[in-house]
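Notes to accompany the following structure.
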Amino acid sequence: MMRRKFRTAIRAFAFCLMFIIPILNIYEIYAITGTYYAVNLGGLGVADPSAILQSIFAAGSLTVPLMGAALFPVLLALLFGRVWCGWMCPYLVMSDGVNRVRRIWSKTPTQQSIPVQSPLRANVTRFVFLVIGIILAGAIGIPVLNYVNAPGILSAETMILVKNHRFTIEILFILSILLIELLLFPRFWCRLFCPTGSVVSAFKTPLTLRVENHIKNPKAPCCKEHYCFGVCPMGLDPYKESKDLLCVNCGKCIDACPYDRLNYEGFMLSN
């Protein structure tokens, strides 16, 4: 319960921060500036790792500013895995909202998630999408993935809304993928295409925070109720697939398991 409240508070703060930054800037407070493409925190630059990769390929070199901007997101991913996706990403917050509407609409309140048929195919799809985008960015010198980066677009559109009281045409991209998730393919963007999620999932070591099942090498659900199965936003079977690169470390499966068979391990957090 405490972990769920903590995660909810962090997600709420990350979502509200999209509004807080431009409001502070309007009042000429520039301690923090930028969007979720790139943020400047008191002189410390932090950028989306997918945007950094595009810049490296477009420029043909790795500069000191790019290395500095990559340091924090890479370190965060190495230590805590995809916590950006599971604990901070504003798009996943909106996707969760759409999923709740879908559940009410379909009158299946117990079905919180739609399983992904093949985690391997999902991972291959999103990494191929990422590689093609990076190569294209290097070839034409334009960060093409930024135009389909949901959290970055949300943050930029929020800044434009606060400062100029309008949206740009890019908001149609967000509305379109949310509509597709509502009507056709739940969670498809995060599972199959998100460039940011793809990059941060690649930084995984044996010490990275992860969800582990205390039952080693499970071949079937640990319990007949299969509590963890329906809550995973990535559609995984947490009892056997928690180590998959799709996992966003949200901890929903841990909270759902009444037998304490799932828990966080890695980075000195094992119990």
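The values are calculated or read from the model by the stated rules, or taken from the named source; none is laboratory data. What you see is a predicted model; the values in this text were computed from it and never measured. Cβ placement follows ideal geometry from the backbone for every residue including glycine, while neighbour counts extend to all protein chains displayed. Heavy atoms of the whole protein, side chains included, go into the accessibility calculation; ligands, DNA and RNA do not. Shrake-Rupley method; radii C 1.70, N 1.55, O 1.52, S 1.80 Å.
A few remarks follow.
- The range 84-106 versus the range 204-229: alpha-carbon centroid distance in Å: 23 Å
- Qualifying lysines (Cα of each under 19 Å from Cα of Lys224; at least 8 residues distant if same chain): Lys216, Lys240, Lys252
- Cα gyration tensor shape for the range 179-249, rounded if a/c is under 1.5, else prolate or oblate: oblate
- Amide H to amide H, with H built 1.01 Å from N, Ala38 comes under 5 Å of Asp48, counting only residues 5 or more places away or on other chains.
- Residue with peak Gaussian network fluctuation, the chain [Cα springs, cutoff 10 Å], from Glu212, Glu157, Glu28: Glu28
- Here the 3J(HN,Hα) profile of the range 236-242, calculated from phi with Karplus coefficients 6.51, -1.76 and 1.60 at θ = phi - 60°, is 8, 9, x, 5, 10, 10, 5 Hz, Gly and Pro shown as x.
- Qualifying chymotrypsin sites (Phe, Trp or Tyr not before Pro) in the range 1-92, DSSP loop, other Cβ atoms within 10 Å at most 13: Tyr27, Tyr30
- The accessible area of His226, taken with all protein chains in place and a 1.4 Å probe, comes to roughly 50 Å².
- The calculated 222 nm mean residue ellipticity attributable to helices in the chain amounts to -16500 deg cm²/dmol, summing -39500 (n - 2.57) over DSSP H runs of n ≥ 4 and dividing by all residues.
- If you sort Leu120, Leu17 by accessible surface, 1.4 Å probe, largest first, the order is Leu120, Leu17.
- Positive end of the dipole of the chain (Cβ unit charges, origin at the Cα centre): among Leu17, Tyr27, Ala51, the Cα lying farthest that way belongs to Leu17.
- Gyration tensor (alpha-carbon) shape descriptor, the range 82-184, a/c threshold 1.5: oblate
- Backbone HN-Hα couplings from phi across the range 150-165 [Karplus 6.51/-1.76/1.60, Hz, Gly and Pro as x]: 4, x, x, 5, 4, 5, 5, 5, 5, 4, 5, 4, 5, 7, 10, 6
- For the chain, the longest site-free run once trypsin sites (Lys or Arg not before Pro) in DSSP loop states with at most 12 other Cβ atoms within 10 Å are removed: 1-106
- Against the chain, whose longest principal axis comes from its Cα atoms, helix 49-59 is set at around 40 degrees.
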